[in-house]
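Below you'll find the structure, written out as structure tokens, and then a few comments.
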Amino acid sequence: MLKQASYDQRCTVWIFARVRQILSLLRRASGATLPLAIAPPFVAACLALWAQSVWAETHSPASPEGFVGRAWGTEAGLPQNTVNAILQTQDGYLWLGTQGGLARFDGVRFTTYGLADGLPNVQVRVLYEDRKRDLWIATQGGLSRMRNGRIETFSAEDGLAGANVAALTEDANGRLWVGTTEGLRIWQSGKLVRPKAVAEVGPVRALWCDRHGAIWIATPRGLYEFQAGRLAESVGPPSNRIVTSGYCFLED
């Protein structure tokens, strides 16, 4: 079962599946290298076909053969094998949020971070880098920010709506939107504030800022779009008008 996917600056696609391992594959064709990350055999077959179609559209046709794979897990230094979030920061490091803490991967070794380093909880759900290059870490015990290697945590006492943080995104004005199971907050001017215009959306599952600057909010109550200071519910097709099953966003 595919659980998490991301890609880095070299176009390596990192994929985590239910086998509880991080895997990275390199595909070689026509003298070039196309990095891919791929999962176990039952997922590999599907992804190989996908890789072949992508390669055919952008290069010359090639077979899905020629993969070289390597797996990383706790034996290699990962704090825990269940990975919930993957992010490459602008400095090139790959960050992984697991059920047992945070890890930074430099391509060779892992550096791990946990409770002793300032995290309020080791179950990391979401990772986000803002335009100031601060790394935001959403956990089930609060929101943390890593700046210059130091972790600072924000809780209900700092204005956080709930300890279980599920989603993060930055808007066009550089404000960080923080979605929790208890509601939404915005980080601006060094503090968390409750936005009146979207105060009633309830628990938040996912957030996204699209190319037009609109903020999309997925909740158990429905899907909402916030733009130009106004909140509007986005309805689905006639058979499913209220969209309540959204957990992530992808803009094409």
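Does any residue of region 201-220 turn out to be part of a helix (DSSP H, G or I) and touching a Phe, Trp or Tyr at 6+ places or on another chain (Cβ under 7 Å)? There is no residue in region 201-220 that is part of a helix (DSSP H, G or I) and touching a Phe, Trp or Tyr at 6+ places or on another chain (Cβ under 7 Å).
So that you can scan it fast, the table gives a plain yes or no per residue for (1) surrounded by fewer than 14 Cβ atoms within 10 Å (Cβ to Cβ); (2) modelled with pLDDT of 85 or more; (3) of a type in the set (D, E, K, R):
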| position | (1), (2), (3) |
| --- | --- |
| Ala197 | yes, yes, no |
| Arg211 | yes, yes, yes |
| Gly222 | no, yes, no |
| Gly236 | no, no, no |
| Asn240 | yes, no, no |
| Ser245 | yes, no, no |
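Here is a yes/no grid of residues against (1) of a type outside the set (Phe, Trp, Tyr); (2) surrounded by fewer than 18 Cβ atoms within 10 Å (Cβ to Cβ); (3) touching a Cys at 6+ places or on another chain (Cβ under 6 Å):
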| site | (1), (2), (3) |
| --- | --- |
| Ile86 | yes, no, no |
| Gly92 | yes, yes, no |
| Tyr113 | no, no, no |
| Arg125 | yes, no, no |
| Arg131 | yes, yes, no |
| Trp136 | no, no, no |
| Arg147 | yes, yes, no |
| Arg150 | yes, yes, no |
| Phe154 | no, no, no |
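Yes/no matrix, rows are residues, columns are (1) at pLDDT 95 or above; (2) in contact with a Gly (Cβ under 7 Å, 6 or more places away or on another chain):
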{"site": "Gln80", "(1), (2)": "no, yes"}
{"site": "Ile86", "(1), (2)": "no, no"}
{"site": "Leu94", "(1), (2)": "no, no"}
{"site": "Leu102", "(1), (2)": "yes, no"}
{"site": "Asp106", "(1), (2)": "no, no"}
{"site": "Thr111", "(1), (2)": "yes, no"}
{"site": "Gly114", "(1), (2)": "yes, yes"}
{"site": "Ile151", "(1), (2)": "yes, yes"}
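The rows are residues; the columns are (1) of a type in the set (S, T, N, Q); (2) part of a loop (DSSP other than H, G, I, E, B); (3) closer than 25 Å to Glu225 by Cα; (4) free of Cβ contacts under 8 Å to residues at least 60 places away in the same chain.
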| site | (1), (2), (3), (4) |
| --- | --- |
| Thr112 | yes, no, no, yes |
| Pro120 | no, yes, no, yes |
| Ala138 | no, no, yes, yes |
| Arg145 | no, no, no, yes |
| Thr153 | yes, no, no, yes |
| Leu160 | no, yes, yes, yes |
| Ala163 | no, yes, yes, yes |
| Gly174 | no, yes, yes, yes |
| Val178 | no, no, yes, yes |
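Based on what the data block shows, is Trp177 surrounded by 13 or more Cβ atoms within 10 Å (Cβ to Cβ) and touching a Cys at 6+ places or on another chain (Cβ under 8 Å)? In short, yes. I need the full set of residues from region 88-110 which are of a type outside the set (D, E, K, R), assigned to a loop (DSSP other than H, G, I, E, B) and more than 24 Å from Leu192 (Cβ to Cβ), in order please. Gln90, Gly92, Tyr93, Gln99, Gly100, Gly107, Val108, listed by residue number. Here Leu143 meets the list (1) more than 16 Å from the chain's Cα centre (by Cα); (2) surrounded by 20 or more Cβ atoms within 10 Å (Cβ to Cβ) almost entirely, failing just condition (1).
Provide a single number: the residues in region 224-234 that are surrounded by fewer than 18 Cβ atoms within 10 Å (Cβ to Cβ), touching a Phe, Trp or Tyr at 6+ places or on another chain (Cβ under 8 Å) and under 18 Å from Thr169 (Cα atoms).
Summing the residues that are surrounded by fewer than 18 Cβ atoms within 10 Å (Cβ to Cβ), touching a Phe, Trp or Tyr at 6+ places or on another chain (Cβ under 8 Å) and under 18 Å from Thr169 (Cα atoms) in region 224-234 gives 2.
The values are calculated or read from the model by the stated rules, or taken from the named source; none is laboratory data. Everything numeric here is computed off the predicted structure, so don't read it as measured data. Counting neighbours? That spans all protein chains shown, and the Cβs are built from the backbone with ideal geometry, glycine included.
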